[in-house]
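To keep things clear, I will list the structure first and then write my remarks on it.
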Amino acid sequence: MNEPVVTDTAFMGPWLADTIRQCDGLTAMMSYWTFSDVFEEQGVVKTPFYGGFGLLAEHGIAKAAFNDFVLLHRLGDTRLDVGSDSALVTRRKDGSLAIAVWNLFLPEEKGAPKKFTLHFAKSLAAKSARITIVDALHGSPLAAFEKMGRPAFPSREQIAELRKAGAMPQPKTLPVSQDSLSLTLEPHALALIELSR
């Protein structure tokens, strides 16, 4: 859907991850429609966020989908079976785990926070996990765009602010206690959890 509430929002991360989960083993390759929102199919861009199909808005501003792809690219080569429709668990060649979890709601739904508790085999022996989350307030420029009044033609300073707001958020470290980890994700959030042996 070529609508701002779909392609410009954090909704794309959980949707992408879930689509990859559902298509795993059914296709050799998947691709996003286009890299940039600036292309001739829809005419001249009249505002940075208009629901374009790209990962980058006008002026090279990263949308949440761009950062979601960065997170998903960090998944490992081997998918591990897990009984969840909100997670992809993978192992990397070095033996570490990379896990994507998400809180998916349709754009027209309000949604609610979702708590995840992950239990790990004792053999993993991880003491902490590195977690990066992309959601409406982290790795998405839309909150900043709304705050500045949705200018159709942002100033250079506003463009710089939007690029900063759209940058990949810094990961946080959470302790793994008794071989488990709990976290709560806001609606339309995608998290990458990285654990080393």
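The values are calculated or read from the model by the stated rules, or taken from the named source; none is laboratory data. In this text the structure is predicted, and so the values were computed from the model without any measurement. Counting neighbours? That spans all protein chains shown, and the Cβs are built from the backbone with ideal geometry, glycine included. Note: accessible area is taken over every heavy atom of the protein model, side chains too, but ligands, DNA and RNA are not part of it. Shrake-Rupley method; radii C 1.70, N 1.55, O 1.52, S 1.80 Å.
What full-extension length gain, to one decimal in nm, is calculated for Thr78 and Phe105 as 0.36 nm per residue of separation minus the Cα-Cα distance? Walk me through the intermediate numbers first.
Details: separation 27, 0.36 × 27 = 9.72 nm, distance 2.72 nm.
Extra length available between Thr78 and Phe105 comes to 7.0 nm.
Kindly report the accessible area of the chain per residue (heavy atoms of protein chains, probe 1.4 Å, no ligands, DNA or RNA), in Å².
Values: 10880 Å² over 197 residues.
Heavy-atom accessible area per residue stands at 55 Å².
Once fully extended, how much extra length lies between Lys172 and Ala112, figured as 0.36 nm per residue of separation less the alpha-carbon to alpha-carbon distance?
That works out to 19.4 nm of additional length.
May I ask you to give the average projected area over all directions of the convex hull of the Cα atoms of segment 96-197, in nm² rounded to one decimal?
Working: hull surface 30.8 nm².
Projected area, direction-averaged: 7.7 nm².
Would you mind calculating the relative contact order of the chain from Cα pairs under 8 angstrom and at least 6 residues apart, reporting the percent as a whole number?
28 percent
Determine the dipole magnitude for the chain: charges of +1 sit on the beta-carbon of Lys and Arg, -1 on that of Asp and Glu, nothing else is charged, the reference point is the Cα centre, and the result goes in debye to the nearest 20.
Working: 21 positive and 22 negative charges, 180 e Å.
Approximately 860 debye in magnitude.
Pop out the ³J(HN,Hα) list for segment 73-85 in order, Karplus 6.51 cos²θ - 1.76 cosθ + 1.60 with θ = phi - 60°, rounded to Hz; leave Gly and Pro as x.
Those phi angles translate into 5, 7, 5, x, 7, 10, 8, 9, 5, 9, x, 8, 9 Hz.
Explain nothing, just compute: Karplus ³J(HN,Hα) = 6.51 cos²θ - 1.76 cosθ + 1.60, θ = phi - 60°, for every residue of segment 118-125 in order, whole Hz, x for Gly and Pro.
With coefficients 6.51, -1.76 and 1.60, one gets 9, 10, 10, 5, 4, 5, 5, 6 Hz.
Going by average Cβ density within 10 Å per residue, which order do the peptides 32-40, 2-10 take, highest to lowest? Walk me through the numbers before you get to the answer.
Numbers: 32-40: 14.0, 2-10: 18.6.
In descending order of packing, they fall as 2-10, 32-40.
I'd like the per residue volume of the convex hull spanned by the Cα atoms of segment 1-120, given in cubic angstrom.
Convex hull of Cα atoms, per residue: 128 Å³.
Tell me which lysines have Cα within less than 21 Å of Lys147's Cα, excluding those fewer than 8 residues away on the same chain?
Counting by Cα, and skipping residues close in sequence, Lys147 has these lysines nearby: Lys46, Lys63, Lys110, Lys164.
I need the phi-derived Karplus couplings for segment 23-39: 6.51 cos²θ - 1.76 cosθ + 1.60, θ = phi - 60°, integer Hz, Gly and Pro marked x.
Karplus values, whole Hz, x for Gly and Pro: 8, 4, x, 9, 8, 8, 7, 9, 9, 7, 4, 7, 7, 10, 6, 8, 7.
Express the carbon and sulfur contribution to the solvent-accessible surface of segment 73-197 as a percent, rounded to the nearest whole number, probe 1.4 angstrom.
Taking all protein chains in place, segment 73-197 shows 52 percent carbon and sulfur surface.
Please determine, in degrees from 0 to 90 and to the nearest 10, the orientation of helix 156-165 with respect to the longest principal axis defined by the Cα atoms of the chain, where the helix direction is its Cα long axis.
20 degrees
Quick check: convex hull of the Cα atoms in segment 8-68, volume per residue, rounded to a whole Å³?
Enclosed volume per residue, from the Cα hull, is 84 Å³.
Which value, in Å to one decimal place, does the Kirkwood hydrodynamic radius take for segment 46-107 when every pair of different Cα atoms is included?
13.8 Å
How many angstrom lie between the C-alpha centres of segment 38-101 and segment 176-195?
Measuring centre to centre over Cα atoms gives 18 Å.
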